[in-house]
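*Asks:* Can you keep this structure in mind? I'll have questions shortly.
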Amino acid sequence: MKDLTDVLERVEKILYELRVRPENAIIIVEGRKDVEALHSLDIGGDILKIQDSRKSVFAAVEDLAARGKEVYILTDWDRKGGQLASLLRNALKANDIPYNDSVRTELSKLCKSEIKDVESLPSYIALLKSRIYGQ
C-alpha cells in the first residue's frame with residue numbers, strides 16, 4: 001500500500017510543475033470540468049479543451065503548431081483518455097510540437113486506484129488530506 005503522505009506530496013509536486021510551466025506551454029484536457037478542476041487547484045494559463053473543440057484533434061494540433069506552443073497532455077487516465085493521449089502524441093510528433101505527457105503518466109500511477117479523471121483531482125486531494133490529517 002502506498003504511503004498516503006508520499007502520494008499527496010508527489011501529487012502536489014506534479015501540480016506545482018503545471019503551475020510554473022513555461023508561459024508558452026498549453027495544457028490539453030478533455031472538457032470543461034477538467035478546466036474547472038485545474039482552476040480550483042490554482043493552475044491557470046492556456047488550457048485547451050479538446051473534446052469541446054469543434055475541430056478535429058489534428059486540426060487543433062495544426063493550430064498549436066502555428067502558435068509555437070509546447071503542450072502538456074493531461075487527458076483522463078481511463079481507456080478513452082488513454083486513446084486520446086495516444087492520438088495527441090502522434091499528431092504532435094507529426095507536427096514537430098514538443099510535448100510533455102509525463103505529468104499524465106505520473107498522476108495515473110499515483111491516482112488510478114482511486115480516481116480516473118482530471119476533474120476528480122481536487123476531491124482526491126481533499127480526501128488524502130482528510131485521511132492523513134483527519135480534517
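*Asks:* Classify segment 12-92 as rounded, prolate or oblate from the Cα gyration tensor: take a ≥ b ≥ c as the square roots of its eigenvalues, call it rounded if a/c is under 1.5, otherwise prolate when a/b beats b/c and oblate if not. Write down the numbers at each step before the final one.
*Replies:* Values: a/c = 1.65, a/b = 1.25, b/c = 1.32.
Cα axes put segment 12-92 in the oblate bin.
*Asks:* Could you state the angle between the C-alpha long axis of helix 4-19 and the longest principal axis of the C-alpha atoms of the chain, as a value from 0 to 90 degrees rounded to the nearest 10?
*Replies:* 30
*Asks:* Once the Cβ-Cβ distance between R67 and L87 is put in as r, and R0 is 25 Å, what FRET efficiency do you end up with, to the nearest 0.05?
*Replies:* Here the calculated transfer efficiency is 0.80.
*Asks:* Once you list every other residue whose beta carbon is under 11 Å from the beta carbon of V61, what net charge do they have if Lys and Arg are +1 and Asp and Glu are -1?
*Replies:* +2
*Asks:* For A25, enumerate residues with amide H under 5 Å from its amide H, sequence gap 5+ or separate chain, H modeled in the peptide plane.
*Replies:* Residues meeting the amide H criterion: E70.
*Asks:* Figure the gain on full extension for D46 and R19 (residue separation times 0.36 nm, minus the Cα-Cα span) and round it to one decimal in nm.
*Replies:* Net length gain for the segment: 8.6 nm.
*Asks:* Sort 7-18, 69-80 by packing, meaning the average of other beta carbons within 10 Å per residue, with the highest value first. Could you put the intermediate results ahead of the total?
*Replies:* Details: 7-18: 16.3, 69-80: 19.8.
Result, highest mean Cβ count within 10 Å first: 69-80, 7-18.
*Asks:* Which value, in debye to the nearest 20, gives the size of the charge dipole of the chain about its Cα centre, when Lys and Arg are +1 and Asp and Glu are -1 at the Cβ? It would help to have the intermediate numbers written out before the result.
*Replies:* Details: 22 positive and 23 negative charges, 58 e Å.
I would put it at about 280 debye.
*Asks:* How big is D for the chain, in µm² s⁻¹ as a whole number, if Stokes-Einstein is applied with the Kirkwood radius of its Cα pairs at 20 °C and 1.002 mPa s?
*Replies:* Value of D from the Cα-based Kirkwood radius: 140 µm²/s.
Read the figures in this text as sums done on the coordinates, not as results from a lab. All values reported here derive from a predicted model rather than from experimental measurement. No Cβ is skipped: glycine too gets one built from the backbone with ideal geometry, and neighbour counts run over all protein chains shown.
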